[in-house]
Structures are given as C-alpha cells and as structure tokens.
1. Of (1) within 20 Å of the chain's Cα centre (by Cα); (2) part of a helix (DSSP H, G or I); (3) of a type in the set (Ser, Thr, Tyr), SER194 satisfies all except one. Which?
2. Show the residue pairs that are 6+ apart or on different chains and have beta-carbon atoms under 7 Å apart, the first residue being within segment 269-282 and assigned to a strand (DSSP E or B), the second being surrounded by fewer than 18 Cβ atoms within 10 Å (Cβ to Cβ) and modelled with pLDDT of 95 or more.
3. Would you check which residues across segment 251-271 are open to solvent by less than 80 Å² (accessible area, probe 1.4 Å) and farther than 23 Å from GLY45 by Cα and list them?
4. Within segment 55-84, track down each residue that is of a type in the set (Gly, Ala, Ser) and within 19 Å of GLY45 (Cα to Cα).
5. Which ones in segment 96-106 are open to solvent by 10 Å² or more (accessible area, probe 1.4 Å) and of a type outside the set (S, T, N, Q)?
6. Would you pick out the residues in segment 148-187 that are more than 22 Å from PRO118 (Cβ to Cβ), assigned to a helix (DSSP H, G or I) and open to solvent by 10 Å² or more (accessible area, probe 1.4 Å)?
7. Hey, among the residues in segment 23-36 that are out of contact with any strand residue (DSSP E or B) (no Cβ under 8 Å at 6 or more places or on another chain) and more than 12 Å from LEU253 (Cβ to Cβ), which one's modelled with the lowest pLDDT?
8. Mind listing just one residue for me: the one in segment 1-52 that is of a type in the set (Lys, Arg) and in contact (Cβ under 8 Å) with a residue 60 or more places away in the chain and, of those, least open to solvent (accessible area, probe 1.4 Å)?
Amino acid sequence: MSDRILGKIGVGSWTFPWATGTVQDQRPTTILTPVDVVQRTIDIGVHVVHFLDNLPLDSFDNQMLDQARDLARQHNIEVEVGTRGTEPEHLRKYLSIAQRMGARLLRTMGGWHKAPAPVDQIKANFREVLPEFADAGVRIALENYEAYSTSDIAAIVRAIGNAHLGVCLDLTNSFAAMESADEILENLAPFTISVHLKEFTVERLEYLMGFAFRGKPTGQGVLPLTKIFETLLANSRKANVIVEQWPPFHENLEKTMEMEFEWARQGVEHLAAMGYLVGPEKFSGDSL
C-alpha cells in the first residue's frame, strides 16, 4: 500500500444511527443486527465494518456474532469492535468478543455518558489488561470526546507507552470542549490508530440566539478533511477511517433511514475520490 494511503474506508453501526435504533423514541420496528450492518457494508462497497456501543455486541448471542463474522470474511471485510468504559472485566469481555469476531482493534471511551472515569483510573485499568490484549494481537483505541481534554487523552497513551494502545481520533467530539482542529490534531495525531468522521455544519438558530451543529454527508460540511489526512500522513500514521453520521429526522422514520443510507454512499464516494484512502474502486485485498 502506498505511503500516501492512510488506510481503508469503513462504515459501521454509527453510520446508521436511526436504523440501529439509537434514538430510543424513534426505533424502527426491526432494528439492524450485526449481520445487517455487514450486509450494508457489502452494499456500499467498503471493506471495514466497525461495531460500536450503539449496537453493543454483548447484547447478541454467539450465533449472531458468528454469522456476522462469517459474512464479513466471505467478502474480505475487516471487522473492528467497540464499546465504552475501561473497567478491566468489561474490556476482557470485549477482548473475547474481538477474538470471536476476528477483530484486531477495540475502540473504547473513558466512561459512560455523564460518568467519565478519572484519568488515573483509566491508566490503571489499561495497565492491567494491556498484556492480555498484546498477547491476543488486539489494539485498544481510546476515543476522544468532550469529557476529557485531548491533551489528557494524549498523556494517557504517552504515559503507558504500549504499542497496543492508541487513539481513535474524532475531531467533532472535542469541538464540544471548545478545542480547535489544530489543537486536537497536534495532541492526538501522533497516537492515532483509528479515525471516525462525523461531518457537520454550524448554523445560527432561527431566533439568532445561539448556534447548532447539524449533521451533513461527509465532504459537504466544515470538517477539515484534508488537514486531518495530511496531518496523519505527516505523523506516519496508518488508520482505517469510519464514516459516522448525524442525519436529522426527515419527514418520517422510513425516509430518514433511506436518507442516512444515501448519505453513507455519498460520503464513501467523496472519501474515495480524495485519494488518501482505499475505497470501493481501489480496494485490492491487501491489508495494512
């Protein structure tokens, strides 16, 4: 793979938040299963699928997990898994799931919603479990979000100094903490092993008092994609890039789910055209 290619384009459960039932009062009659998410990955034509905490894999039985894994393997799709929290027993549970799914990357976050763990506790938890992850050949990607400064996230990874711990970079998450793109990238790009992209625009509210982040298809908002990719290249990072989405509700749930699938197609096409990532046309079956 070229030195100018960062990794592969992927989709996952946060690409389809409405169809996976993420919004509790707008859940479809039948939500996507892990097998369904793999099938959508096939339909869109990319070769990475990332299961995250809006479709928690520990809520499905082994038969479902095996079916999703086998379908992914049949179509040469790389599987990544994800959760939230750093409690050792919880991470061990997800290490077992990663091994079952054939995944080599587990993304997690510092804590559950409105309950961030202390930084020192996160360090202690990682130090306890990382030898087991290293033995299994699975990396942990700690994702930044607004509960922690990106300098704190970088300090955790730097202090531990284990090749099996890195960062899942999501610029949009840390904008909520009033950090700039330059600051986020300076802190986290050197440690990035996974990338999530949530495209958006910032619009003034109709009453003129305040602003709102509005989701957009990847490449049609203000996310500085070229800056992200060039900074990762400058830091010699290789990482798959997952298209995540914040599509607004559109008329009714069925039309909203149709829109989020179309947005995913558009986002993948845009990223593939940029030339930094392996997309549907460029995929050759080679791993990073």
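1. So SER194 meets the others, but not (2).
2. Cβ pairs passing all conditions: LEU277/ILE5; VAL278/ILE5.
3. ASN252, LEU253
4. ALA68, ALA72
5. ILE97, ARG100, GLY102, ARG104
6. PHE175, ALA181, ASP182, GLU183, GLU186
7. Here the residue is GLN24.
8. Taking segment 1-52 first, the residues of a type in the set (Lys, Arg) are 4, 8, 27, 40.
Subset that is in contact (Cβ under 8 Å) with a residue 60 or more places away in the chain: 4, 8, 40.
Details: ARG4: 122, LYS8: 14, ARG40: 50 Å².
It comes out as LYS8.
The values are calculated or read from the model by the stated rules, or taken from the named source; none is laboratory data. Values in this document were obtained by computation on a predicted structure and should not be read as measured data. No Cβ is skipped: glycine too gets one built from the backbone with ideal geometry, and neighbour counts run over all protein chains shown. For accessibility, only protein heavy atoms count, side chains too; no ligands or nucleic acids. Shrake-Rupley method; radii C 1.70, N 1.55, O 1.52, S 1.80 Å.
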